[in-house]
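Visitor: Quick one: the structure is below, and I'll ask about it shortly.
The values are calculated or read from the model by the stated rules, or taken from the named source; none is laboratory data. Predicted model, so just to flag it, every value in this text is computed and none were measured. Virtual Cβ from ideal backbone geometry, glycine too; neighbours counted across all protein chains shown. Ligands, DNA and RNA are stripped out before the accessible areas are found, and what is left, the full protein with its side chains, is counted by its heavy atoms. Shrake-Rupley method; radii C 1.70, N 1.55, O 1.52, S 1.80 Å.
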Amino acid sequence: MKHTVSMKENHLFRRLYTKGKSAATGLLAVYVRPNRQGRNRLGLTVGTKVGKAVRRNKVRRRIREAYRIHEETMTTGWDIVVVARVRSAFAGYAELERDLLRLLDKLGVREKWEKRR
């Protein structure tokens, strides 16, 4: 991921949950907030209700890959947290990708010219 770094600090996640904008589907919830940096920070949360470690890691990898493929269409300067819901464990890659892009469009993180999907 060229313009994105991983977000790992708990206080950044908590700040996003309280002060950020959010949108959700049955599979994912996304929280965003502008940051004053020239890059995006991406955080992923997959709780134990999603399944055991193998399944949680699979969901995490799928979300990260969907983000990576479409990273060029994102505007920079955002903190983004993606929370996987229980139903995401049984969803295919295409469903996760579609929901992630739909939510990022809704929250204004993606550039306007790429909204053709």
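Condition check ((1) within 20 Å of residue 32 (Cα to Cα); (2) of a type outside the set (Ser, Thr, Tyr); (3) free of Cβ contacts under 8 Å to residues at least 40 places away in the same chain) across all residues:
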site	(1), (2), (3)
79	yes, yes, no
87	no, yes, no
94	no, yes, yes
100	yes, yes, no
109	yes, yes, no
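Visitor: Please go through segment 77-95 and pick out each residue that is farther than 17 Å from residue 16 by Cβ and either under 10 Å from the mean Cα position of the chain (by Cα) or surrounded by fewer than 17 Cβ atoms within 10 Å (Cβ to Cβ) (or both).
Guide: Hits for segment 77-95 are 86, 87, 90, 92, 93, 94.
Visitor: Examine segment 97-115 for a residue that is farther than 19 Å from residue 25 by Cα, open to solvent by less than 40 Å² (accessible area, probe 1.4 Å) and acidic (Asp, Glu), and state whether such a residue exists. Outline the logic, then answer.
Guide: Step one: of segment 97-115, the residues farther than 19 Å from residue 25 by Cα are 111-114.
Then keep just the ones that are open to solvent by less than 40 Å² (accessible area, probe 1.4 Å); that gives 114.
This time we only want the ones that are acidic (Asp, Glu), so: 114.
Yes - at least one qualifying residue is present in segment 97-115.
Visitor: List every residue pair whose Cβ atoms lie under 6 Å apart, where the two residues are 6 or more positions apart in sequence or sit on different chains, the first residue falls within segment 13-32 and is without any contact (Cβ under 8 Å) to a residue 24 or more places away in the chain, and the second residue, located anywhere, is open to solvent by 60 Å² or more (accessible area, probe 1.4 Å).
Guide: Short answer, once both residue conditions are applied: none.
Visitor: Now for a separate question. Any residue that is within 18 Å of residue 2 (Cα to Cα), touching a strand residue (DSSP E or B) at 6+ places or on another chain (Cβ under 9 Å) and in a strand (DSSP E or B) - is there at least one of those in segment 83-95? Show your work before the answer.
Guide: Taking segment 83-95 and keeping what is within 18 Å of residue 2 (Cα to Cα), we get none.
Scanning segment 83-95, I find no residue that is within 18 Å of residue 2 (Cα to Cα), touching a strand residue (DSSP E or B) at 6+ places or on another chain (Cβ under 9 Å) and in a strand (DSSP E or B), so the answer is no.
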